[in-house]
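Below: the structure, in structure tokens.
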Amino acid sequence: MGNVGAKEIPELFGPDGLRTDGRRPDELRPLKITAGPLHQADGSAFVEWGFNKVMAAVYGPREVHPRHLQENNKAIVQCRYNMAAFSVDERKRPGLDRRSQEISKVIAEAFESVIFAEEYPRTSVDVYIEVLQANAGTRCAGVVAASVALADAGIPMVDLLPAVAVGKVGGKLVLDLNKLEDNFGEADLPMALVPQSGRLVLMQMEGHMHRDELGRALDMGVAGCRGIYEKMKAALRDRYAVAPAASSEVSA
Amino acid sequence: MSDEVTAEILSTHILDLARQGKRLDGRTPDEYRRIEVEHGFVVTADGSALARIGETAVLSGIKLEPGKPYPDTPNAGVLTTNAELIPLSSPTFEPGPPHPRAIEVSRVVDRAIRAAETIDLKKLCVTPSEKCWSCFVDIHVLDHSGNIIDAASLAALGALTHATLPQKRFGIAEADIPLAVEHFPVECTFTRLGETIVVDATFDEERAGQGRVTIATDEAGNIVAMQKGLIGAFSPDDVKEMAERAFRHGDRLRAIARGV
Amino acid sequence: MVIGTVTDVQGTFWLLDIGAPRWAPLHMTGTPWKIDFGETEQYLKVKDAVVVAVESIENTGRIGVTMNGEGLGKLEGGTIVTLSPAKIPRLIGRGGSMIQTITRMTGTKVAVGQNGRVWIDGSDDGIRRARECLRIIEEEGQRSGLTARIQSYLDSTGSPPEDGGVRPGRPRLDNDSGNRPEFDGPPGPHPLTRLPEAVPEPEPDGPSEDPPPPEY
């Protein structure tokens, strides 16, 4: 978005109406979710989504640091979304820039909307998201990873939070922008859905989207989230499935 | 001490009223408090505006200085937006590095101004790759009585529409000219109070609320930025309804910000 | 008498925000309840509002408060409005005349904390009008003619409700509700649950018939 004075806008749709990576407008990039890859964390998840690689870890509920943030009637959710210096083409200066701090804030608020925080007064649930390889849609990949990590850590929640961005590219609405589409598209609308209630707990938008297009964009995103939700549940089932060999031994 | 604690009975009262479509100060759910924008509040700035929404007051000042274009945008000027939630404005704000909520205000206001192409940054280029204008939009929240995002957006647009390009001072041209403003984005912020969604929440309503959504619109029927913040959830239908409400309020807010 | 909000619950005491530089501890012995160690949260939890009296201010800055005494207890229902403490004498008025006018004309019940926090209960409309009176006092309390100003606002927005305007059953100072252990204080009606005593009509400040219309 907002590539002022940038180069020529490349062709973003082929003659067959397919996107540069061969997807239909409402098709997701390949998504692979692994629950529990880390050992020190209370819960973790690794998400490979298109060319994104995002790791998430959850610690807690545990003592609040810094202390003054402690809430006496509920747990707080602290989130740190960070991009590795080597995750983008041109080395990124390490540390949290303003974009990362804003994303950390809205992700923490999204999870605080679904976690039963009043169960754990005076504690903190710490969510760490590390973007190792970035290719558009890292905040959504981070929410998906963190959500599976929270479930892996056994934090009680209303529901998992699938997330995806809808964009507008060459005047058309598309699901799950890739890097090229993100750079040259007209609008980007990332969202995270509570599948159970059908409500959004994370939503941001930047660009130009006409008022008549908003409804369709939201519908497309919600449908995308429901597809991602199934993959998240499958990842958790894989992690906690009883191995067939082990079960047969027990019964024998 | 972190945030001040709001008494539960006050939040309960606000939510009780909202259930009946009422508010503490007698407004309807779709009504703003009194809005005023005073242009040219600070003469040392190249443009400035003090926006008031009810008891909330936000001041924005513009500074335009020669600078160097970014390498990836050699033909464009530079726009920087920064909001400060200074401790003077609320007992809950502390000195120190910018709090995430200040960063959020900066970025939400910046996103609307940038995405709406409020300023044509190409016109701020003096010599490609060499010299351009840097436009700094600095926002100071002076009195936080709720809805600082909308007040910040009004102040910023008000300041930009009355800014002068100080060409003479920097020896770039013989005379100063008004800064050209191409589009007029304004933000409209909603707060969920139970199943009622109110516009322009007061501080107490924000404390009682369950999430907020900001929608920035331009004069041509486009949504240029959105942000859901705080703890809470909104259905897609809620978002569509809020967008239509944001357009209904938008034209009046634009007129007030521009002073026309 | 001050109004505070519970900010923390410990085994034997609560910490209250009473608008003082430090949070004030309310010990469980300073309540009308018989509480066992660890049961404090069943009585008061974070964000509950209470009326307490300041008992002591120690050299260390520690402020001791108690809930034992007339007019003290936990607040249920209604709402809280914050005023500058300096304006509280104006809100009360000479011999309580101002506060009585407001409560009578709006049909509300009011508890005034010397720390500037005011609890109001009544009908939604009564609360709204009483809040507006407080706003006028906050902004114009230092000027003369305040009584006339308040009187004209109240006259222009309605007459006193015949039934006192208070919803039945509310509010109450909840000293004995819920699944709580035995309560060893007199459970009779709390002073605050009574409507203010009827007061004689105050002398209007201006011409007796047509009060001036409000200025806004």
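Using C-alpha positions alone, give me the convex hull volume of the protein assembly as shown per residue in cubic angstrom.
On the way: hull volume 149.0 nm³, N = 728.
Each residue corresponds to 205 Å³ of Cα convex hull volume.
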What size of dipole, in debye to the nearest 20, comes out for the protein assembly as shown about its Cα centre when the only charges are +1 on Lys and Arg C-beta atoms and -1 on Asp and Glu C-beta atoms?
-> 1100 debye
Using a 10 Å cut-off on Cβ to Cβ distances, tally the other chain neighbours for every residue of B:91-102 and report the average as a whole number.
-> 2
Between C:R117 and residues 5 or more places away or on another chain, the pairs with built amide H atoms under 5 Å apart involve C:I3, C:L83
Roughly how many debye, to the nearest 20, is the charge dipole of chain A about its Cα centre, given +1 on each Lys and Arg Cβ, -1 on each Asp and Glu Cβ, and no other charges?
-> 260 debye
Rank these for me by crowding, A:R216, B:R33, going from fewest to most other beta carbons within 10 Å.
-> A:R216, B:R33
To the nearest 10 degrees, the tilt of helix A:98-112 (Cα long axis) against the first principal axis of the alpha carbons of chain A is 50 degrees
How do A:L193, B:L165 line up, fewest other C-beta atoms within 10 Å first?
-> B:L165, A:L193
Would you pull out the residues with amide H under 5 Å of B:T81's amide H, same chain only if 5 or more places away, H placed 1.01 Å from N?
-> B:V137
Rounded to whole Å, √(5λ) for the Cα gyration tensor eigenvalues of the stretch C:59-103, largest first, gives 24, 17, 12
Just tell me how shielded A:209-218 is by partners: mean number of partner chain Cβ atoms within 10 Å of each residue's Cβ, no decimals.
-> 5
From the C-alpha gyration tensor of chain A, pull out the three semi-axes of the equivalent ellipsoid (sqrt of 5λ each), sorted largest to smallest, in whole Å.
-> 32, 22, 18
Using only atoms on other chains, find how many Cβ atoms lie within 10 Å of each Cβ of peptide A:67-75 and report the average.
-> 4
Under 19 Å from a point 7 Å along the Cα-to-Cβ line of B:K240: which residues of the stretch A:150-191 have their amide N that close?
-> A:166-168, A:173-175, A:189-191
Going residue by residue through the stretch A:179-188, the Karplus relation 6.51 cos²θ - 1.76 cosθ + 1.60 with θ = phi - 60° gives ³J(HN,Hα) values, rounded to whole Hz and with x marking Gly or Pro, of 4, 4, 5, 5, 6, 10, x, 9, 7, 9
Distant-in-sequence amide H partners of A:V166 (H built 1.01 Å from N, under 5 Å) | A:D176, A:L189, A:M191
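Of C:W14, A:W49, how do they rank once you tally other Cβ atoms within 10 Å and put the fewest first?
Fewest to most other Cβ atoms nearby, the residues stand as A:W49, C:W14.
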Once phi is turned into θ = phi - 60°, what whole-Hz ³J(HN,Hα) does the Karplus curve with 6.51, -1.76 and 1.60 give for every residue of the stretch A:219-224, x standing for Gly and Pro?
-> 4, 5, x, 4, 4, x
Working from Cα positions, state the angle (0 to 90°, nearest 10) between the long axis of helix A:138-152 and the longest principal axis of chain A.
-> 20 degrees
Might you report the magnitude of the Cβ-based charge dipole of the stretch B:119-260 about its Cα centre, with Lys and Arg at +1 and Asp and Glu at -1, to the nearest 20 debye?
-> 360 debye
Estimated Rh, the stretch B:18-258: Kirkwood, alpha-carbon pairs, angstrom | 18.3 Å
So what is the relative contact order of chain A, in percent, for Cα pairs below 8 Å that sit 6 or more residues apart?
-> 21 percent
Output the peptides C:81-88, B:74-81 sorted from most to least packed, where packing is the average of other Cβ atoms within 10 Å over each peptide's residues.
-> B:74-81, C:81-88
Hull-based mean projected area of the stretch B:62-205, where the convex hull spans the alpha carbons, in square nanometres = 10.1 nm²
If unit charges are put on Cβ atoms (+1 for Lys and Arg, -1 for Asp and Glu) and the dipole of the stretch C:79-157 is taken about its Cα centre, the option from C:I120, C:S144, C:I80 lying farthest towards the positive end turns out to be C:S144
Nearest 10, in degrees from 0 to 90: the angle of helix B:100-115 to the longest Cα principal axis of chain B is 60 degrees
Residue by residue through the stretch A:30-37, which ³J(HN,Hα) values in whole Hz follow from phi under the Karplus form 6.51 cos²θ - 1.76 cosθ + 1.60 (θ = phi - 60°), with glycine and proline marked x?
-> x, 10, 10, 10, 10, 8, x, x
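Bear in mind these aren't lab numbers, they're just calculated from the coordinates by the rules spelled out. Here the structure is a predicted model, which means the values were calculated and not measured. Here the Cβ is made from the backbone with ideal geometry for all residues, glycine too, and neighbour counts use every protein chain on show.
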